[in-house]
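Trainee: Have a look at the structure that comes next, please.
Please treat every number below as a calculation from the coordinates, not as lab data. Worth saying up front: this structure is predicted, and the values here are computed from it rather than measured. Every residue, glycine among them, receives a Cβ derived from its backbone with ideal geometry; neighbour counts consider all protein chains shown.
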C-alpha cells in the first residue's frame, strides 16, 4: 500500500488546535516521518459538510474513516460520553487530567461499542463566559440568554437563572450581533479569535468546561491499515495529543490576557474587556449546581449503566477531592 493517502476530518476551522497542530501533523509530519510513504488530507468538520452531532455515527458507518468528534455534540446521542466534561466538573487542567485518567479506559470501550477506535483525546482552551453587559458575579446572570454548546452547560446556565441557547461555534458572532444571545460560553482564546472581545464588555474566567474532543478511526478502516502505519500512529498521535493539551493550557491564560488587552497577548487580538473576578461564592455555587443539578440531570438522560460508569470512574476521584478540600 505504498503511497496510501488517509482522509481525515479534523476539529474546528481556524482554531489553533487545528491550524497549528492537527493540520500540520497530517499534511506535513506524517509524510516526513514515513519518507513520503504515507500522506493525508485533512479538512475541519465545520467546513467539510459534516454535522458535528453526527460525527460519531458517520465514523461508525465508515463514511468518515478518521475523525475528530466533540463530546459535547456527541453526548446528545450518547449521554455517557458527556461524563468527562460535565459543566462545572473540571475547574482546572490538573483536575481534568485526573478525571480523564479514571475515565479513559471506559471511554475507549464506549467508542469500541460504536465501532470506533480511540486514538487521542483533545481539549480546547477553557470554556468561559463572555457578556455584552456588565455583571457582578454568576448570580447576576438571571434572565440573560446565554450561548451554550452542550446539554450539561444548559443545565448549569438554567440553574443560574439564565436561558441557555444552543448555538454552533460558527454562529456565535452572528447570534451575539443580532441580539439573539447576549452572553456566550466558549473558549478563552477561541472567543478572541472570532472577535467576541469586540462585541462583549465583560468575561468571567471560571471554566464552565473544556470543549473535549476525541480523535478516532472507524474500526474497519483502522484494522485495514498496514502494520507499520498503525505502529507509527500509535507512537506519534499521543505526542500530538500532548502538544494540543499544552497549547490549550497556555492559550487559556493568553486568551484571557488578550481579551483584557495585556502585553502578554502575542497570538491573539487585544481587546478592552473587564474581568469579573471569580469569588469563593462563585466557585461554591458552581460546585453546588454540579452536585444538585448537572450530575442528576445527566444521569436522568443516561441509562442505568451511566450510574455504574460514574461510580467506577470519575465519581470516586471527585469525591476524594471534595473530602480533601474539606467543608466550605
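Trainee: Where Rh denotes the Kirkwood radius from the mean inverse Cα pair distance, what is Rg over Rh for the chain?
Mentor: 0.97
Trainee: Something else about it: According to a simple spin-label model (label point 7 Å from Cα along Cα-to-Cβ), what is the distance in nm between residue 137 and residue 312?
Mentor: 4.1
Trainee: Only bridges with both residues in the chain count here: give the DSSP antiparallel percent, nearest 5.
Mentor: Percentage antiparallel, nearest 5: 55.
Trainee: Next question. Take every Cα-Cα distance within region 139-228, group them into 10 Å bins from 0 onward, and report for each bin the whole-number percent of pairs it holds.
Mentor: Reading upward from the zero bin: 15, 43, 20, 11, 9, 2.
Trainee: Considering Cα pairs under 8 angstrom that are at least six residues apart, work out the relative contact order of the chain and quote it in whole percent.
Mentor: For the chain, the relative contact order is 22 percent.
Trainee: A further question follows. Can you give me the distance in nm between label points at residue 266 and residue 322, each placed 7 Å from the Cα along the Cα-to-Cβ direction?
Mentor: 4.2
Trainee: Working from the alpha-carbon coordinates of region 223-276, get Rg over Rh, Rh being the Kirkwood radius.
Mentor: Rounded to two decimals, Rg over Rh is 1.34.
Trainee: Nearest 5 percent is fine: what portion of the DSSP beta bridges confined to region 131-282 is antiparallel?
Mentor: 20
Trainee: Let me ask you something else. Suppose each label sits 7 Å from its Cα in the direction of the beta carbon; what would the residue 198-residue 281 distance come out to in nanometres?
Mentor: 3.6
Trainee: Given a Förster distance of 22 Å, report the FRET efficiency between residue 32 and residue 253 from their Cβ-Cβ distance, rounded to the nearest 0.05.
Mentor: Calculated value: 0.10.
Trainee: Which three extents, in whole angstrom, do the alpha-carbon atoms of region 84-185 cover along their principal axes, largest first?
Mentor: Principal axes ranked by extent give 43, 25, 21 Å for the Cα atoms.
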